[in-house]
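Nothing in this text is a laboratory measurement; each read-out follows from the coordinates by a stated rule. Since the model is a prediction, treat every value here as computed from it, not as a measurement. Here the Cβ positions follow ideal geometry from the backbone for every residue, glycine too, while neighbour counts run over all protein chains shown.
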Amino acid sequence: MKPLFTIVFSLLFPIALGATEAADTTTPEPAAEMAAEVEAENDTEAEALDPDSTLLFLDAREVDVRDFIWERRIIVVMAETPDDPQFNRQLDALRERSEEFVERDAVVIFDAHPQDRSALRQVLRPRAFMTAIIDKDGEVKARRPAVRSGRELMAVIDRFPTRRQEMLEQRPAGR
């Protein structure tokens with residue numbers, strides 16, 4: 001997944017630099033200052049795309065779920081249309097507690113385009129709106145045809161055996 005982001009941003013970043021250089025031709029900057037600015041921008045972009053610091057929201061049409069097996073938990077949000085109020089409420093609930101989902105190694109994959117027949121849609125076969133949680137082992141552990149609060153989703157994740165093991169490894173004194 002990271003190589004994909006690297007390729008995309010390596011293609012887009014020179015274009016953005018060229019646009020700023022063309023617009024700012026009146027005051028040339030010293031090379032050292034320019035290099036420092038570029039490095040600061042790269043650090044900011046890396047932080048924004050680091051899955052260990054931000055909750056990733058990915059489109060099911062562009063993602064292979066197998067890339068996340070044994071690395072991330074997947075929260076799947078599906079609807080018949082992107083304008084579905086339940087779909088938007090669920091995504092908002094996830095955004096509100098994004099830091100807590102990052103701690104639980106979660107990534108959100110959404111699909112609001114049934115005509116595209118993504119692989120996840122073919123496997124989960126939702127009737128309309130649906131939220132599902134796939135654990136790191138690739139097994140669908142929970143699914144529900146209604147909006148779940150962020151707190152409720154985290155409670156479900158915290159009951160998974162793999163999550164309990166992770167918590168014990170992080171805090172061994174809690175045994």
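Could you list 81, 131 so that the one with the fewest beta carbons within 10 Å of its beta carbon is first and the one with the most is last? If you can, show how the numbers build up before the last one.
Working: 81 11, 131 26.
So the ranking, lowest neighbour count to highest, is 81, 131.
Once every Cα of the stretch 67-148 carries one equal point scatterer and solvent is ignored, give the base-10 log of I(q)/I(0) from the Debye formula at q = 0.12, 0.16 Å⁻¹, two decimals.
Per q value, in the given order, log10 I(q)/I(0) is -0.31, -0.57.
Separation between the residue 139 and residue 59 pseudo-spin-labels, each 7 Å from Cα along Cα→Cβ, expressed in nm?
Going by the 7 Å Cα→Cβ label model, 3.3 nm.
Counting residues in the stretch 59-99 as N, plug N into 2.2 N^0.38 Å and put the Cα Rg over that result.
1.32
Given labels modelled 7 Å from the Cα in the Cβ direction, how far is it in nm from residue 80 to residue 166?
Output for this residue pair reads 3.4 nm.
Quick one: order 140, 107 by neighbouring beta-carbon count within 10 Å, fewest to most.
Numbers: 140 13, 107 23.
Going from least to most buried by this count: 140, 107.
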